[in-house]
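What follows is a set of notes on a single structure, which appears directly below.
Every number in this text was worked out from the coordinates using simple rules, so none of it is lab data. A quick note: this is a predicted structure, and the numbers were derived from the prediction, not measured. Backbone-built Cβ (ideal geometry, glycine too); neighbour counts: all protein chains shown.
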Amino acid sequence: MKNVLTLLLSGLLLAACGQGAARGKRPAAAAVPAEPVRYTYAVRAVHPHLTTSYTQGLQFVDGTMWEGTGQHGESVLQRIDLATGKASIVARLPRTEFGEGITLLDGKIYQLTWQSNKAYVYDAASGRKLREFRYAGEGWGLTTDGRKLYLSDGSAAIHTIDPATFRREGHVTVTYRGEPVQYLNELEWIDGRIWANVYTTDQIAIIDPATGLVEGVVDLTGLLPEEDMTPATDVLNGIAYDAATGRIFVTGKNWPKLFEIEIIRQ
C-alpha cells in the first residue's frame, strides 16, 4: 500500500503554506504565474459508499458510476448503484496486483496498477478483458479528454498517453505558484481542465493540461464528518464528473459516503 508520510508531503498543501515543494533549483527570472483561484464547497447530495472499497479511480459516464479499487488481493473494477451504494464487480485483478486509476474512452475501460507496470483494458458493455499494456514507472491516476489519456505517477508529472499503444507522448510538470506539486493521484477531466487529488491532503488541484499550471484549488476539508470516520477510513480520493448535468462527485478510500458537491469561489 502507498505509505507516504504526511510529514514528508511536499505537494500542494505545503506549497499553499509557503513551503515550496521544489527539489531542485528555482529557474532564474521565472515568470510569476497568476494566483490560483481558491474554492470551498457545498454538499448538494449524499450517496452511500462501500467502506470496503479502497477507491483509486472514479468515473461517471452515461448514467453509470464506475470505480476502480486498490489493495493486494482486493483490487477490482466495479459499477456502483448510487441509490444503494452496492457494487457490481466487473473484473478482478490478480491478487499480486494493486489497482489504481481508471477511465473510459470509446467504449473501453482502462485500469492502471500501482507497481506492476500493467494497464488493463475492458469492454465497458460486457466487462470482457480486451488486452493489457506494459508501461514504465508507477501508475496512480488516469483520465481522458476524449482523445488521449492522461496518467499521473505520484510525482509532479502528468503524462499524455496514446490509448492505442499506451506509449507516452509527452508530459507537463504541474506547478503551484512556480513550485512542483508532488503526489498527484486520482484524475478527472472537467471542462478542459484536469482535476487531481493531491495524495494525503483534502485538496484538489485544477490544472491547465497544456501548461501544468494549477489554476485553482478546491479545499474539501471537513467533507466527511468525524462521526463517519473509523480506524479504516483513509484519505480523500476519487473524482467523477457527470458531463450531462454538471454534477461533481467525490469520495475517499473506505469512506461510507459519496458526495455530490458544488464548488464555490472564495
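With each label modelled as a point 7 angstrom along the Cα→C-beta vector, the Asp208-Thr40 pair spans 2.8 nm.
Post the alpha-carbon centroid distance, segment 29-91 to segment 222-266, in whole angstrom. Each part reduced to its Cα centre gives a spacing of 8 Å.
With springs only between Cα atoms under 10 Å apart, run a GNM on the chain and tell me which of Pro209, Pro163, Pro225 wobbles the most. Judging by the Gaussian network model, the answer is Pro225.
Can you put Lys118, Lys86, Lys108, Lys253 in order of Cβ neighbours within 10 angstrom, beginning with the fewest? Can you show the working numbers first?
On the way: Lys118 18, Lys86 12, Lys108 15, Lys253 22.
Ascending number of Cβ neighbours within 10 Å: Lys86, Lys108, Lys118, Lys253.
Using Cα-Cα distances under 8 Å and only pairs 6 or more residues apart, what relative contact order does segment 95-243 have, in percent? Once divided by the residue count of segment 95-243, the mean separation gives 14 percent. Computed across the chain, the Kirkwood hydrodynamic radius from all distinct Cα-Cα pairs reaches 18.4 Å.
Output the peptides 109-117, 140-148, 197-205 sorted from most to least packed, where packing is the average of other Cβ atoms within 10 Å over each peptide's residues.
197-205, 109-117, 140-148
For the chain, what does the relative contact order come out to in percent, with C-alpha contacts under 8 Å and a separation of six or more? Show your work: numbers first, answer last.
Values: 710 pairs, mean separation 57.1, N = 266.
The value is 21 percent.
The relative contact order of segment 65-175, computed from alpha carbon pairs under 8 Å that lie at least 6 residues apart in sequence, is 15 percent.
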